[in-house]
Structure formats: structure tokens, C-alpha cells
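Q: Below: one structure in C-alpha cells.
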Amino acid sequence: QVQIVESGGGLVQPGGSLRLSCTASRIGFIIVDMGWYRQAPGKQRELVAGLPSGTVPNYADSVKGRFTISRDNAKNTAYLQMNSLKPDDTAVYYCYARTRASTYWGQGAQITVSS
């Protein structure tokens, strides 16, 4: 059974940093893309950052220059380094791992930016 496990959420003050990790296991196929979406209360889910294999990362305009996504393909793991966090970044962050056939989702990590 496919497992997508996220870690690293929490509460942080404005201007602070957090790092999310996401590990995919038991997929059985090559992962072609990994990244995160987020969903804030009352808002639609939006793409935060994605890193397709062999290409450059793509970011939401609202996080460019503050967030950095990376992958360790040998470990089927992605990382999202989030700096200069703002209250508007408060949301549940969902990791995804995409093969050519399917997209798999993590359980979600709550990030709250508040003083």
C-alpha cells in the first residue's frame, strides 16, 4: 500500500521558518513530480511548489523568494524550506507524489503563522 508521510508542520511566529518533509514509499513506479498544495479555511486548495523530475521548480507567486523545494530522488523524499513566513501562509499543506498513472497525497500538515 502506498504511503505518503509528511512531517514538520507547527506553529511559528511571523518572519520565522519551517521545513516540511514528505516521503513516498511502496509506490512501485517512478515518481515524476513531487510538491505541495495548501488549503486555508474558506479558500480553494492551491499549488505552493512543485518539482517535476529533470526540470526546474515552480512556485506560487505568493511564495517566490521565500520558499524552496528540493528532492532526494534516491529516498523518494521532498523538502519544502519555508522562510519569512507570513500569517497568510497559515493553511494545511498537502504533499503529493505523482507517477505517470496516479497522484498520491499525504495526510496534511498544519502550519500556523501567528504571534
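Q: How big is the Kirkwood radius of the chain, worked out from every pair of different alpha carbons and given in Å to one decimal?
A: 14.1
Q: Using alpha-carbon positions, what is the distance between the centroids of segment 54-115 and segment 4-38, in Å?
A: Cα centroid of segment 54-115 versus Cα centroid of segment 4-38: 6 Å apart.
Q: Follow-up. With θ taken as phi - 60° and the coefficients 6.51, -1.76 and 1.60, list the Karplus ³J(HN,Hα) couplings across segment 37-53 in order, rounded to whole Hz; mark glycine and proline as x.
A: Using θ = phi - 60°, the values come out as 10, 9, 9, 8, x, x, 10, 6, 5, 10, 6, 9, 7, x, 9, x, 4 Hz.
Q: Another question, then. So if R0 is 30 Å, what FRET efficiency would Val5 and Ser84 give, r being the distance between their Cβ atoms, rounded to the nearest 0.05?
A: Once rounded, the FRET efficiency stands at 0.70.
Q: Another question, then. For the chain, with all protein chains present and a 1.4 Å probe, just round the carbon and sulfur fraction of the accessible area to a whole percent.
A: Here it works out to 49 percent.
Q: Accessible area per residue, 1.4 Å probe, Å², for the chain: what's the number?
A: Counting only protein heavy atoms, the per-residue value for the chain is 54 Å².
Q: Could you compute Rg(Cα) / (2.2 N^0.38 Å) for segment 1-51, with N its residue count? Don't skip to the answer; put the middle values down first.
A: Numbers: Rg = 13.5 Å, N = 51, 2.2 N^0.38 = 9.8 Å.
Relative to the rule-of-thumb radius for its length, segment 1-51 sits at 1.38.
The values are calculated or read from the model by the stated rules, or taken from the named source; none is laboratory data. None of the values given here were measured: they were computed from a predicted structure. In this analysis, Cβ positions are derived from the backbone assuming ideal geometry, glycine residues included, and neighbour counts consider all displayed protein chains. SASA here: full protein model, heavy atoms, side chains in, ligands and nucleic acids out. Shrake-Rupley method; radii C 1.70, N 1.55, O 1.52, S 1.80 Å.
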